[in-house]
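Notes to accompany the following structure.
The values are calculated or read from the model by the stated rules, or taken from the named source; none is laboratory data. What you are looking at is a predicted structure, and each value in this text was computed from that prediction instead of being measured. Counting neighbours? That spans all protein chains shown, and the Cβs are built from the backbone with ideal geometry, glycine included.
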Amino acid sequence: MKLHEYTRYDAVGLAELLARGEVTVAEVTAAAQDAMTAVNPDINAVVESWPAEDAPAPGSTPLAGVPFLIKDLAVSMKGKRVELGSRLAVGNVAAADSSLMRRFRGAGLVTLGRTATPEFAYSTTTEPVLHGATRNPWDLARTAGGSSGGSAAAVAAGITPIAHATDAAGSIRVPAAGTGLFGLKPTRGRVSMGPDADEVFNGLAVHGALSRTVRDSATLLDLIQGPESGDPYFAERPTRPYAEEVTRSPGRLRIGLVTTPWNGRAVEPAVHDAVLSTARLLESLGHHVDVTSVDLGVSWEEFVLANARLWSANLVTWIEGFARTFGRPVDESTVEPEMLASYAWGRRVSGSEFVHALDVRNRVARSLGAHFGRHEVLLTPTLPELPVQVGTYHHGAEGADGLGRLEHLFYRSPFTAAFNVAGTPAMSMPLASDPATGMPIGVQFAAGHGREDVLFRLAGQLEQAAPWAHRTPTVWAGAVQSA
């Protein structure tokens, strides 16, 4: 199977070829490995690869035999390293599959490696000291976003059609926006975090995927959703498969348009124009769009402070756990300076401050939940700016404490984190490009708790109305000549 043939198909399309016997799992796997060899040196997306394990029976699931990658964080594959992008965790090997990994195996996916993440997934750019910067396939001078930047760059460049991702403040949607992909953050509790964790970042983080088509993300979510024994909560199962929702009409939706972020920062003109253009497209499709404002229930300053307390306190447990396990010091030889500052700040978070942060989480969830009684969907930019140059995130963050670090990150991505705190689903769609640079621009849609069905129906409609599959980046495996 030649690379230009392999990259022509999404995950569902590859699985259909396999089910019909037109190609073999070995041929598809070899093509994915060739794609990795061809483009990964440029983008630095995959930090470790390995041979395929047991081949699934083609046709046994809608994704059986499809090449896949997992993020180097929050999912454990027995016998494989999970290092969370940190020198402190180098050599950490999973003793068993996590619940999600078992579901990936059950889905018939052929997992070929792990993708880059910033240290402890604590950024919306992927530039860890351990592995170096992951670069954007559309422009190698720019970041691919984070924290699922490795997965995004790999999918955008054609290594695999879909890859695992996580999202605690935008880590699926931010890299999706920057690399021209579809990325949906599911509802809190939709996908289990078990068995080693009941929740990550106190429910702010969720599992999901990055893909080039809407149906791929919908199909994978169908295969991995649902609770495990001991989960603290779960989202109610949908009435029909999400893959079916993609082809159903969304009806006439009430959509609220938000163009100013909660922190008040300016939105770049190209991004603003892209969102307004999307609003016009939605109206042409029969939806009602009106400008709205959304009350977080707390001030922006209180919102950032609460997130900083939750993030930093959780970071303390990760860092101290790995330090004990490997007998390593917690200093600049093992942990990046910005993480050390967040670690030191997190150690000073008191029990009462932590509980107050959880109360803020509740207030935000209640306030956003009430708004979804007025609009079924919210429309915002995913990011207020185009992907920035590699190294940009480090400027202005020198010497910041844990609170300053979160302020800096949320300044870069002010539209995404609220939906993590509220636990509601949100997605980024590559519906526009910057006329000056050709860089993709992501547009975000959010819906009420458990309403991924609404988002998938809308996403399917928009994918048909404004297709993006014909747009490919500068670094693209499909353009590589193969034997």
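Listing for the model above:
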item	result
Odd one out for P56 among (1) over 23 Å from the mean Cα position of the chain (by Cα); (2) modelled with pLDDT of 95 or more	(2)
Residue match in the stretch 189-208 (condition: under 16 Å from the mean Cα position of the chain (by Cα), crowded, with 23+ Cβ neighbours inside 10 Å and closer than 21 Å to L14 by Cβ)	yes
Count of residues meeting criterion [in contact with a strand residue (DSSP E or B) (Cβ under 9 Å, 6 or more places away or on another chain), part of a loop (DSSP other than H, G, I, E, B) and either among the acidic types (D, E) or within 30 Å of V390 (Cα to Cα) (or both)] in the stretch 179-203	4
Long-range neighbours under 6 Å by Cβ, at least six apart or interchain, first residue more than 14 Å from L458 (Cα to Cα) within the stretch 264-289, second at pLDDT 95 or above and of a type in the set (D, E)	E268/E385; A270/D434
Residues of the stretch 331-380 satisfying the condition of being farther than 25 Å from V304 by Cβ and β-branched (V, I, T)	T334, V377
Unique residue being farther than 20 Å from G321 by Cβ, touching a strand residue (DSSP E or B) at 6+ places or on another chain (Cβ under 6 Å) and not basic (K, R) when the list is A141, A133, A156	A141
Residue in the stretch 419-460 that is nearest to H371 (Cα to Cα), counting only those that are crowded, with 24+ Cβ neighbours inside 10 Å and among the hydroxyl-bearing types (S, T, Y)	T424
Pairs with Cβ under 6 Å, 6+ apart, first in the stretch 321-340 and more than 15 Å from V129 (Cβ to Cβ), second outside any helix (DSSP H, G or I)	A323/V330
Which numbered condition Y393 misses (of (1) in a strand (DSSP E or B); (2) within 26 Å of I43 (Cβ to Cβ); (3) in contact with a His (Cβ under 9 Å, 6 or more places away or on another chain))	(1)
The lone exception for G286 - which of (1) buried (at least 17 other Cβ atoms within 10 Å of the Cβ); (2) under 17 Å from V454 (Cβ atoms) it fails	(1)
Failed condition for L310, given (1) in contact (Cβ under 8 Å) with a residue 40 or more places away in the chain; (2) crowded, with 19+ Cβ neighbours inside 10 Å; (3) assigned to a helix (DSSP H, G or I); (4) over 22 Å from the mean Cα position of the chain (by Cα)	(4)
Checklist (1) part of a loop (DSSP other than H, G, I, E, B); (2) in contact (Cβ under 8 Å) with a residue 40 or more places away in the chain applied to P467, failing item	(2)
Residue check, G297 at positive phi and surrounded by 15 or more Cβ atoms within 10 Å (Cβ to Cβ)	yes
Condition check for V316: surrounded by fewer than 22 Cβ atoms within 10 Å (Cβ to Cβ) and either touching a Gly at 6+ places or on another chain (Cβ under 7 Å) or without any contact (Cβ under 8 Å) to a residue 40 or more places away in the chain (or both)	yes
Residue in the stretch 470-482 that is farthest from E245 (Cα to Cα), counting only those that are of a type in the set (A, V, I, L, M) and in a loop (DSSP other than H, G, I, E, B)	V480
Criterion: under 19 Å from S312 (Cα atoms), among the basic types (K, R), part of a helix (DSSP H, G or I) and touching a residue at least 60 places away in the same chain (Cβ under 8 Å) - qualifying residue of R366, R361	R361
L221 in contact with a Pro (Cβ under 7 Å, 6 or more places away or on another chain), of a type outside the set (D, E, K, R) and buried (at least 20 other Cβ atoms within 10 Å of the Cβ)	yes
